[in-house]
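Just so you know, all these numbers are worked out from the coordinates, no wet-lab data involved. Here the structure is a predicted model, which means the values were calculated and not measured. Neighbour counts run over all protein chains shown; Cβ positions are idealised from the backbone, glycine included.
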Amino acid sequence: MDQQIVKLLKKIVGEKGVLTSPEDLAVYSYDGTFEECNPDIVVLPESTDQVSQVVKLAAKERIPIVTRGMASGLAAASVPFSGGIALVMTRMDKVVELDLENAIVHVEAGIVTADLQTHVEKYGLFYPPDPSSIRHSTIGGNIACNAGGPRCLKYGVTGDYVLGLTVVLADGSILKTGGKVIKDVVGYDLKSLFTGSEGTLGIITEALLKLIAKPQYARTVLVEFSSIEDASKTVNEILLAGIVPATLELMDQTAINCIEEAMHIGLPTDIAAFLLIESDGVELETTTQEIKSIAKICEKTGATKISLAKDESERANLWKARRSISPSLARLSPNKLGEDITVPRSAIPEAVKRLKAISQKYGLPIVIFGHAGDGNLHPNILFDKRDPEQMKTVELMVAEEFEVALALGGTLSGEHGVGTLKRPYMEKALGEVSVGIQKKIKQVLDPLNILNPGKVIPD
Ligand SMILES: Cc1cc2nc3c(=O)[nH]c(=O)nc-3n(C[C@H](O)[C@H](O)[C@H](O)COP(=O)(O)OP(=O)(O)OC[C@H]3O[C@@H](n4cnc5c(N)ncnc54)[C@H](O)[C@@H]3O)c2cc1C
């Protein structure tokens, strides 16, 4: 990078806010996928104003900017393939205001999601969206991907909690959209446009988030099945009975075995699948009653064993296990490609069957787990990227996974986003007209194409 530009960037964010050594560039080169590419420079701003000044400079010099939270993304969306500036938001991690009366929190975008949750819970409040990466992802990244998570079945996704945003636009101007009001229909809903835009339309620097009262009680059951179809059908039966538990998570045998090998917490390894189901609420009696009703349904739908977590430590262990699936898969193969197709709930058994058939056809394992209550499955292909043949096979397998989702009336991604990995399939999923509109939106908001170029929108 031109030394004059480095000097100007240091003037904006200070000496310590600019990193250029090869080691530092490598640290900011990858995300949660197997993709990597160094940026030319790393910039760590500490305020909305600094972000605005950096963007003004980048626009003048036509330098690409890839915004980055904690880089836990699973679509290669924060990998800086075009070089330029990696704009890392993690120093903007403050709670600006906690408005207890209105149950609204104002935060900077770089706050780690779990830290925000811990903070508001001290005051009896609750921020429900819970991507399994809560300890290593930021609110800005969650908003930019409209992240989901196990609890989103009952409580909704990140976007459902966004009341307002501060966004630095591609020319450096600062947009404030939304506010502390719950209802607001004045003009187009710009906060929803930036939610899920993966850093391609603007840089989110601050957010106003809705909170709710913290549920006081939770009851969790682990339900075992001898077939993944029985487990999938059970999901539908529970929801059709009018019960919406906080979570309804599905794991297949390979996922269970991987977790058990990694964590030794006593999970059964001889079963085909299990469901991790949690009910929560403000009263112990209703929460307990709900989990009992769920257990009764599971008995009728072929569960082979139903185990209730006896105390908070058993419950915490089960959730630790669930959050460890992704990392524990590394024991089976050096690389994985975790997709997150979504299908109508009734199509889950068929989707699982077809995904397993793809695995058999190509000879690489596909581990399946996911937020079954939302019809959101995470088929993870396990492979070794050092083997060029396997890389080619993975591409064919992914294309077939997407075919399965679309053929069953579903879509490419429920929560991870498009990044670069799903970009080639956008038109197939959305159609020419929708992609055309999205290209126009991108052109209007980022005419120089400097914000995360090459992501989401096909050329
Ligand atoms: C083990 C594991 C489990 C996961 N579980 C889930 C899950 O349950 N649910 C789920 O939805 N996802 C999950 N993910 C994916 C990932 O954690 C989410 O997509 C998360 O929202 C990314 O946040 P981040 O801060 O790491 O963003 P990054 O990965 O740094 O960035 C992701 C995208 O957001 C953009 N971005 C980041 N910050 C900003 C900002 N301030 N303004 C504008 N754009 C920005 C980036 O440019 C990029 O396009 C998981 C990932 C891992 C590794």
*Positive end of the charge dipole of the chain (Lys, Arg +1 and Asp, Glu -1 on Cβ, about the Cα centre): tell me which of V343, T113, S78 has its Cα farthest that way.*
S78
*What size of dipole, in debye to the nearest 20, comes out for the stretch 3-88 about its Cα centre when the only charges are +1 on Lys and Arg C-beta atoms and -1 on Asp and Glu C-beta atoms?*
420 debye
*Filter the trypsin sites (Lys or Arg not before Pro) in the stretch 26-101 down to the DSSP loop ones having no more than 12 other Cβ atoms within 10 Å, then list what survives.*
R62
*Based on Cβ point charges of +1 for Lys and Arg and -1 for Asp and Glu, what charge dipole magnitude is obtained for the chain about its Cα centre, in debye rounded to the nearest 20?*
460 debye
*Taking the Cβ of each residue in E261, E285 as the centre, tally the other Cβ atoms inside 10 Å and list the residues starting with the fewest.*
E285, E261
*Excluding N317 itself, calculate the net charge of residues whose Cβ lies under 14 Å from the Cβ of N317, where each Lys or Arg counts +1 and each Asp or Glu counts -1.*
0
*Using θ = phi - 60° and the Karplus curve 6.51 cos²θ - 1.76 cosθ + 1.60, what whole-Hz ³J(HN,Hα) does each residue of the stretch 130-144 get, with Gly and Pro shown as x?*
9, x, 4, 8, 3, 7, 9, 9, 9, 4, x, x, 4, 5, 5
*Helix 3-13 sits at what angle to the longest principal axis of the chain, using alpha carbons and giving 0 to 90 degrees rounded to 10?*
60 degrees
*Cα to Cα, under 21 Å, and not fewer than 8 places away if on the same chain: which lysines meet these conditions relative to K353?*
K233, K336, K361
*Peptides 78-87, 275-284, 325-334 ordered by average Cβ neighbours within 10 Å, highest first*: 78-87, 275-284, 325-334
*Based on Cβ point charges of +1 for Lys and Arg and -1 for Asp and Glu, what charge dipole magnitude is obtained for the stretch 152-271 about its Cα centre, in debye rounded to the nearest 20?*
900 debye
*Obtain the nm distance between the two label points defined at K305 and L396 by a simple spin-label model: each point lies 7 Å from its Cα along the Cα-to-C-beta direction.*
3.9 nm
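Expressed in nm to one decimal, what extension gain is obtained for the pair K356 and V186 from 0.36 nm per residue of sequence separation less their Cα-Cα distance?
56.4 nm is the gain from fully extending K356 to V186.
What length, rounded to one decimal in nm, is gained on full extension from Q4 through to S21, with 0.36 nm per residue of separation minus their alpha-carbon distance?
Working: separation 17, 0.36 × 17 = 6.12 nm, distance 1.66 nm.
My answer for the length gained is 4.5 nm.
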*Normalised contact order of the chain, rounded percent, pairs of Cα under 8 Å and 6 or more residues apart*: 16 percent
*Expressed as an acute angle from 0 to 90° and rounded to the nearest 10, what is the orientation of the C-alpha long axis of helix 48-61 relative to the principal long axis of the chain?*
60 degrees
*Determine the calculated [θ] at 222 nm for the chain from helices alone, applying -39500 (n - 2.57) to every DSSP H run no shorter than 4 residues and normalising by the residue count; nearest 500 deg cm²/dmol.*
-11000 deg cm²/dmol
_Just to check I understand the Karplus step: with θ = phi - 60° and J = 6.51 cos²θ - 1.76 cosθ + 1.60, what whole-Hz values come out for the stretch 212-217, glycine and proline as x?_
10, 5, 6, x, 8, 10
*Please tell me which of these pairs span more than 21 angstrom C-alpha to C-alpha: K385/K442; K154/K305; K16/K455; K392/K422; K191/K439?*
K385/K442; K154/K305; K16/K455
*Length released on extending from I243 to L448, taking residue separation times 0.36 nm less the Cα-Cα span*: 68.9 nm
*If amide H atoms are built 1.01 Å from N in the plane of the peptide, which residues on other chains or at least 5 residues away come under 5 Å of the amide H of T67?*
L87, N452
*Helix 432-445 sits at what angle to the longest principal axis of the chain, using alpha carbons and giving 0 to 90 degrees rounded to 10?*
40 degrees
*Near the amide H of K385, under 5 Å away, which other amide H atoms are found, from residues 5 or more places off or on another chain, if H is placed in the peptide plane?*
N335
*Tell me the Kirkwood hydrodynamic radius of the stretch 95-213 in angstroms, computed as one over the mean inverse distance between distinct C-alpha pairs.*
14.1 Å
*Read phi for every residue in the stretch 299-308 and hand back ³J(HN,Hα) as whole Hz from Karplus 6.51 cos²θ - 1.76 cosθ + 1.60, θ = phi - 60°, with x for Gly and Pro.*
4, 6, 9, x, 5, 8, 7, 10, 10, 8
*Scattering from the C-alpha atoms of the stretch 217-323 alone, worked out with Debye: what is log10 I(q)/I(0) at q = 0.10 1/Å?*
-0.25
*How high is the relative contact order of the stretch 25-118, given as a whole-number percent (alpha carbon pairs under 8 Å, six or more residues apart)?*
30 percent
*Please list the non-local residues whose amide H lies under 5 Å from the amide H of S413, H modeled 1.01 Å from N, same-chain partners needing a gap of 5 or more.*
T342
